[in-house]
1. Could you check region 141-169 and list, in sequence order, the residues that are small (G, A, S) and more than 21 Å from V81 (Cβ to Cβ)?
2. Just the residues that are buried (at least 24 other Cβ atoms within 10 Å of the Cβ) and of a type in the set (S, T, N, Q), please, taken from region 121-139.
3. Out of curiosity, is Y106 outside any strand (DSSP E or B), in contact with a Ser or Thr (Cβ under 9 Å, 6 or more places away or on another chain) and closer than 19 Å to L23 by Cβ?
4. Does N177 qualify as being outside the structural domain of P119 (by TED's automatic domain parsing), surrounded by fewer than 24 Cβ atoms within 10 Å (Cβ to Cβ), modelled with pLDDT of 95 or more and not aliphatic (A, V, I, L, M)?
5. Among the residues of region 310-324, how many are in contact (Cβ under 8 Å) with a residue 60 or more places away in the chain, of a type in the set (A, V, I, L, M) and in a helix (DSSP H, G or I)?
6. Taking the residues in region 246-287 that are more than 16 Å from the ligand (Cβ to nearest atom) and in a helix (DSSP H, G or I) as candidates, determine which candidate is farthest from D361 (Cα to Cα).
7. Given the criterion in a helix (DSSP H, G or I) and away from the ligand (no atom under 13 Å from the Cβ), identify the matching residue among K229, K222.
8. Being more than 16 Å from the ligand (Cβ to nearest atom), assigned by TED's automatic domain parsing to the domain that holds L309 and β-branched (V, I, T), is that true of even one residue in region 194-204?
Amino acid sequence: MNSVNIPDKLRLLNSNKEVAEELIDFIKEQGFSKIALITTKTPNYLITNELEIALYKYLDANVATSLLKTFQVITPSVAYVNQLQLNDFDLVVGIGGGKVIDTAKYLAHINNIPCISIPTVISNDGICSPISVLKEKQNKYISLGATMPVALLVPLHIVEKSGEESLISGIGDLLSNLSAIEDWKLANREEDEYIDDYAILISENAALSVFTQIKNYILQNKPKEQLLKENLKMIIESIALSGIAMEVAGTSRPASGAEHLISHSIDELFGGLKSHGIQVAFGMYITTFIRSELGYISKNTFEELKIVLRYLGLPITLSSLGITKEQLIKVLAYAPQMRPDRYTILNKIKSEERYVSEMLDKLFENKPMLHIS
Ligand SMILES: [Zn+2]
C-alpha cells in the first residue's frame with residue numbers, strides 16, 4: 001500500500017499578517033530551520049516581503065541570510081528547478097500562482113523535503129496536490145510526481161482580488177472530477193483497472209458539493225457573482241480535497257480523465273486556447289455528451305451540466321472556446337494518444353471522422369431542455 005500524505009494544516013486567512021503568523025507557528029512547531037521561498041516578482045511581492053521579514057525575525061536576523069533564500073521563478077520548467085542549489089535546506093515555501101506552486105512542489109520533491117503552499121490564485125486543483133505541471137524540452141508541459149504540501153495557507157484577501165476568471169477556471173477543474181470518475185469507473189468495469197473507493201468518495205463529494213450549490217443558486221435566480229462571493233471557502237476547500245483524492249489514489253485518475261486528455265490535445269495541437277480549468281470544463285461538456293449519447297448516463301445529467309456551465313460562463317460553444325469544428329475533430333482524434341494507457345470514454349467512440357463530425361453537429365446544435373432538478 002502507498003503511504004498517503006495528507007496536509008497537517010488548511011487555513012484560510014485574511015491578511016498578510018495572519019499568513020505570516022500561521023507560517024511562523026507551523027515552522028516553529030515542525031522545527032524547520034533553513035527555508036527556500038519560491039515566488040514571482042508581481043503581484044506577490046507585498047505578501048512575500050512581509051513573510052520574509054517575519055521569517056528573518058524568527059530565524060535570528062544575524063544568521064538569517066544563510067537560513068533563508070528567496071528564488072524568483074523565471075520559467076516554470078524542469079531545467080529551472082534542476083539548476084537551483086538547495087544544499088541542506090529543510091523546507092520549500094511556494095507563494096504565488098499555479099506555476100509557482102508547481103515549481104515549489106517539484107523542487108521539494110527532487111530535494112526530498114517538505115513544502116508549504118501559499119496560493120495567491122485558485123485557478124486549478126494543483127494548489128494542494130502531488131502533481132506538478134512544468135515545461136520540459138521543446139517547451140512542452142508535462143505532469144510530474146511532486147511533493148504533497150504539508151500545509152496549505154490561503155490568503156483570501158489576495159485570492160479575492162485575483163479575478164473572477166481564474167476562480168471560474170478553478171471551479172471548471174474541480175467539476176471535471178465528475179467526468180474523470182466516470183472514466184475511472186469505466187476502466188474498472190471494462191479493463192479491470194484498480195479503483196480506489198476512498199479517492200472516488202473524496203473527489204466526487206468535493207465536486208458535487210460545489211455543483212449542488214451552483215444548482216441551488218440557479219434555482220434561486222441568484223447571480224454568479226453572489227455564488228463566488230458567498231462560497232469562496234467551500235470552493236477552495238473542495239479544490240484542496242481534490243488534490244487529496246489524487247494523493248490517496250496515488251494517481252491523477254480521480255481528477256483527470258478524457259476531459260483532461262482533450263485539454264492536453266488542444267494544448268499540443270493549438271498551443272492552448274484558454275486556461276487549463278476552462279479547457280477541461282469544455283472537455284467535460286463533450287465527454288458528458290458522449291456518455292449520454294452512448295447511454296452511460298441520463299440525458300438530463302448532460303442537460304444539467306450544460307445549464308451549470310452556461311451559468312458559470314464556461315464555454316459550451318465552439319466559438320466561445322475559439323476552435324473550429326474541423327480543429328475539434330483533430331483534437332478528439334489525437335486526445336487518446338496523450339496518454340494511451342488511460343482508458344476513457346473516448347475509447348468507446350468510433351474514430352471515423354464522419355461519426356465524430358455528426359456527433360459534434362448534434363452536440364453544438366443540441367436544444368436545451370432548460371430545467372434543473
Ligand atoms: Zn486539471
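The values are calculated or read from the model by the stated rules, or taken from the named source; none is laboratory data. No experiment lies behind these values; they were computed from the predicted model shown. Because the Cβ atoms are built from the backbone with ideal geometry, glycine has one as well, and the counts that use them run over all protein chains shown.
1. From region 141-169, those small (G, A, S) are 143, 145-146, 151, 162-163, 166, 169; that's our starting set.
Passing the criteria: S162, G163, S166, S169.
2. Going residue by residue through region 121-139, those that are buried (at least 24 other Cβ atoms within 10 Å of the Cβ) are 122-130, 132.
Once the filter is applied, which keeps residues that are buried (at least 24 other Cβ atoms within 10 Å of the Cβ) and of a type in the set (S, T, N, Q), region 121-139 yields S123, N124, S129, S132.
3. Values: outside any strand (DSSP E or B): yes; in contact with a Ser or Thr (Cβ under 9 Å, 6 or more places away or on another chain): yes; closer than 19 Å to L23 by Cβ: no.
It is false that Y106 is outside any strand (DSSP E or B), in contact with a Ser or Thr (Cβ under 9 Å, 6 or more places away or on another chain) and closer than 19 Å to L23 by Cβ.
4. Working: outside the structural domain of P119 (by TED's automatic domain parsing): yes; surrounded by fewer than 24 Cβ atoms within 10 Å (Cβ to Cβ): no; modelled with pLDDT of 95 or more: yes; not aliphatic (A, V, I, L, M): yes.
It is false that N177 is outside the structural domain of P119 (by TED's automatic domain parsing), surrounded by fewer than 24 Cβ atoms within 10 Å (Cβ to Cβ), modelled with pLDDT of 95 or more and not aliphatic (A, V, I, L, M).
5. Within region 310-324, the first condition is being in contact (Cβ under 8 Å) with a residue 60 or more places away in the chain, and the residues that meet it are 311-314.
Restricting the remaining residues to those that are of a type in the set (A, V, I, L, M) gives 312, 314.
So of that shortlist, the ones also in a helix (DSSP H, G or I) come out as 312.
Of the residues in that region, 1 qualify.
6. Of the residues in region 246-287, the ones more than 16 Å from the ligand (Cβ to nearest atom) are 248, 250, 269-271.
Retained after the next criterion (residues that are in a helix (DSSP H, G or I)): 248, 269-270.
Details: V248: 39, L269: 21, F270: 21 Å.
Restricting to residues being more than 16 Å from the ligand (Cβ to nearest atom) and in a helix (DSSP H, G or I), the top hit is V248.
7. Numbers: K222 fails: in a helix (DSSP H, G or I).
Unique residue meeting the criteria: K229.
8. If we filter region 194-204 for residues that are more than 16 Å from the ligand (Cβ to nearest atom), which is where we start, we get 194-198, 200-201.
Within this subset, residues satisfying the condition of being assigned by TED's automatic domain parsing to the domain that holds L309 are 194-198, 200-201.
Remaining after also requiring β-branched (V, I, T): 195, 200.
Yes, some residue in region 194-204 is more than 16 Å from the ligand (Cβ to nearest atom), assigned by TED's automatic domain parsing to the domain that holds L309 and β-branched (V, I, T).
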